[in-house]
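Down below is the structure, laid out as structure tokens.
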Amino acid sequence: MGKPPHRAVTIKDIGDRLGMSHSTVSRSLNDHPAISAETKARVRAAAIELGYVPNIAARAIRGDASLTFGLAIPELRNELYSRIAKEFAERCRDIGGRMLLVLTDDDPGREYQEIRALAESRVSGIAATLTGEPAPATLELLAHIPVVQIVRRLDALEQPALCLEERQGCADAVDHLVSLGHRRIAYIGTDRRVSSGRDRIEGYLSGHVRHGIAPLEGGMELGLPQADFGYAGVKRLLALPERPTALVIATSQLLVGALSALRDAEVAVPRDMSVIGYGNADWYALIDPPLTAVALPVDDLARAAVRRLHAAATDMGEIDEPVPIIAPYLNIRASTAPPGAS
């Protein structure tokens, strides 16, 4: 006996499974002394099997005055995620709802705890950027809640994924640099454990294939999306026998460290090194020179995520249409120029 998709498991469901009253189930889950240890064990086993989570908020006093959607993202220091959170909250307000935000630190253990907290709060749905290897318990929780994957896609989760067309964004960056005359183009990004990291790497490599250019030997630095890694990556790239003339940097945090390293090494941008960043941070247009970047249509992503969650949580039902392709675009500024341009 299962439960309808996207409906929260109730105490009554557990009682129906076990052939006992919902009051006995409730007292068992609350460890009432009048209930035998054997009955408590049966109830708890059934609760785990069905994916039951306790309703600690009593669904906001049962009035359900507004829809509440959870947003689970790794962090807010990354400009991409901070913009997603802002846009997601605004789109929730547009439909009379609200957002509950949790941060997972890209840690599977914390991810499970935070998503369980959202489930216990009886959110109407969750938009999630999951780790590369979520805990099995996390996937079990998400199987019982309307979910939209954002930024990253996990094949183990059947729910729809709203992802940016990362390959095209990085391939366009390489196209632009090749059109300026660059042939030694380096890359600093995250590794292949998550789909966004894989897609950006593939875009960088496919851009070279498209132009019949071999990637610069030793020209890829892959690691954690942290400023320290961006700094160290640039230092290693500058020490290559063939120093790159252009650099694609695939996250805003890596960019901060990379620009610091270029400054400390007295590498002039774009005369000595053309640089393309990633994202829409306001400060990209304010630095000297203003930064060429793969810009991300985060508002489109947030709008599509809320629309799908809203449909799943209301009488509209599931949206029966293809998942939209959300394509980045290249915002060309002054940090890119032909090699050696003054």
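The values are calculated or read from the model by the stated rules, or taken from the named source; none is laboratory data. Please read these numbers as outputs of a predicted model, since none were measured by experiment. Neighbour counts are summed over all protein chains in view; Cβ atoms, including those assigned to glycine, are modelled from backbone coordinates with ideal geometry. Only protein heavy atoms, including side chains, enter the accessible area calculation; ligands, DNA and RNA are left aside. Shrake-Rupley method; radii C 1.70, N 1.55, O 1.52, S 1.80 Å.
Sort through SER179, SER195 and tell me the only one that's open to solvent by 20 Å² or more (accessible area, probe 1.4 Å) and either basic (Lys, Arg) or over 17 Å from LEU255 (Cβ atoms) (or both).
Criteria check complete, one pass: SER179.
Among all positions in region 316-323, there is no residue which is more than 23 Å from CYS92 (Cβ to Cβ) and assigned to a strand (DSSP E or B). Residues that are surrounded by fewer than 17 Cβ atoms within 10 Å (Cβ to Cβ) and either in contact (Cβ under 8 Å) with a residue 60 or more places away in the chain or among the hydrophobic types (A, V, I, L, M, F, W, C) (or both) within region 239-252 comprise ALA239, LEU240, listed in sequence order.
Okay, residues lined up against (1) part of a strand (DSSP E or B); (2) at pLDDT below 95; (3) at positive phi; (4) of a type outside the set (A, V, I, L, M, F, W, C):
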site: VAL256; (1), (2), (3), (4): no, no, no, no
site: SER260; (1), (2), (3), (4): no, no, no, yes
site: ILE276; (1), (2), (3), (4): yes, no, no, no
site: ASN280; (1), (2), (3), (4): no, yes, no, yes
site: TYR284; (1), (2), (3), (4): no, no, no, yes
site: ILE287; (1), (2), (3), (4): no, no, no, no
site: VAL294; (1), (2), (3), (4): yes, no, no, no
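Of all residue pairs spaced 6 or more apart or on separate chains, those with beta-carbon atoms under 7 Å, a first member in region 37-51 that is under 14 Å from THR138 (Cα atoms) and a second member that is of a type outside the set (Asp, Glu) and surrounded by 17 or more Cβ atoms within 10 Å (Cβ to Cβ) are LEU50/VAL9; LEU50/ILE14; LEU50/ARG17; GLY51/VAL9; GLY51/LEU141; GLY51/HIS144.
Only residues that are part of a loop (DSSP other than H, G, I, E, B) and under 13 Å from GLY125 (Cα atoms) were counted across region 148-162, and they come to 2. One residue stands out among those in region 148-157 that are touching a residue at least 12 places away in the same chain (Cβ under 8 Å) and open to solvent by 10 Å² or more (accessible area, probe 1.4 Å): the one that is nearest to the chain's Cα centre (by Cα), which is ARG152. Quick check: is even one residue across region 213-224 part of a loop (DSSP other than H, G, I, E, B) and open to solvent by less than 10 Å² (accessible area, probe 1.4 Å)? Looking through region 213-224, at least one residue is part of a loop (DSSP other than H, G, I, E, B) and open to solvent by less than 10 Å² (accessible area, probe 1.4 Å). State all residues of region 73-89 that are of a type outside the set (S, T, N, Q), assigned to a helix (DSSP H, G or I) and either touching a Cys at 6+ places or on another chain (Cβ under 8 Å) or open to solvent by less than 50 Å² (accessible area, probe 1.4 Å) (or both); if no residue qualifies, say none. Residues satisfying the conditions are GLU79, LEU80, TYR81, ILE84, ALA85, GLU87, PHE88, ALA89. GLN113 meets all of the listed conditions (1) open to solvent by 50 Å² or more (accessible area, probe 1.4 Å); (2) in a loop (DSSP other than H, G, I, E, B); (3) closer than 23 Å to ARG77 by Cα but one, namely (2). When THR131 is tested against the conditions (1) open to solvent by less than 30 Å² (accessible area, probe 1.4 Å); (2) among the polar types (S, T, N, Q); (3) outside any loop (DSSP other than H, G, I, E, B); (4) out of contact with any Leu (no Cβ under 7 Å at 6 or more places or on another chain), the lone failure is (3).
Suppose the filter is in contact with a Gly (Cβ under 8 Å, 6 or more places away or on another chain) and either surrounded by fewer than 19 Cβ atoms within 10 Å (Cβ to Cβ) or modelled with pLDDT under 95 (or both); does LEU100 pass it? Yes; evaluated as a whole, the condition is true for this residue. The number of residues in region 262-274 that are part of a helix (DSSP H, G or I) and in contact (Cβ under 8 Å) with a residue 60 or more places away in the chain comes to 0. The residues on offer are GLY169, GLY203, and the sole one that is assigned to a helix (DSSP H, G or I), touching a residue at least 24 places away in the same chain (Cβ under 8 Å) and touching a strand residue (DSSP E or B) at 6+ places or on another chain (Cβ under 6 Å) is GLY169.
For ALA137, the criteria (1) in a loop (DSSP other than H, G, I, E, B); (2) farther than 18 Å from ALA312 by Cβ hold in every case but one, which is (1). Checked against the criterion of being surrounded by fewer than 21 Cβ atoms within 10 Å (Cβ to Cβ) and touching a residue at least 60 places away in the same chain (Cβ under 8 Å), the candidates PRO322, PRO339 yield just one match: PRO339.
When ILE84, ILE56, ILE35, ILE61 are checked against the criterion of being of a type outside the set (S, T, N, Q) and at pLDDT 90 or above, a single residue qualifies: ILE84.
Keeping to region 98-110, report how many residues are part of a strand (DSSP E or B), over 16 Å from GLN149 (Cβ atoms) and not charged (D, E, K, R). So the count comes out to 4.
Taking the criterion of being assigned to a strand (DSSP E or B), among the aliphatic types (A, V, I, L, M), over 27 Å from ALA127 (Cβ atoms) and at pLDDT 95 or above, would at least one residue in region 227-243 satisfy it? The answer is no; no qualifying residue exists.
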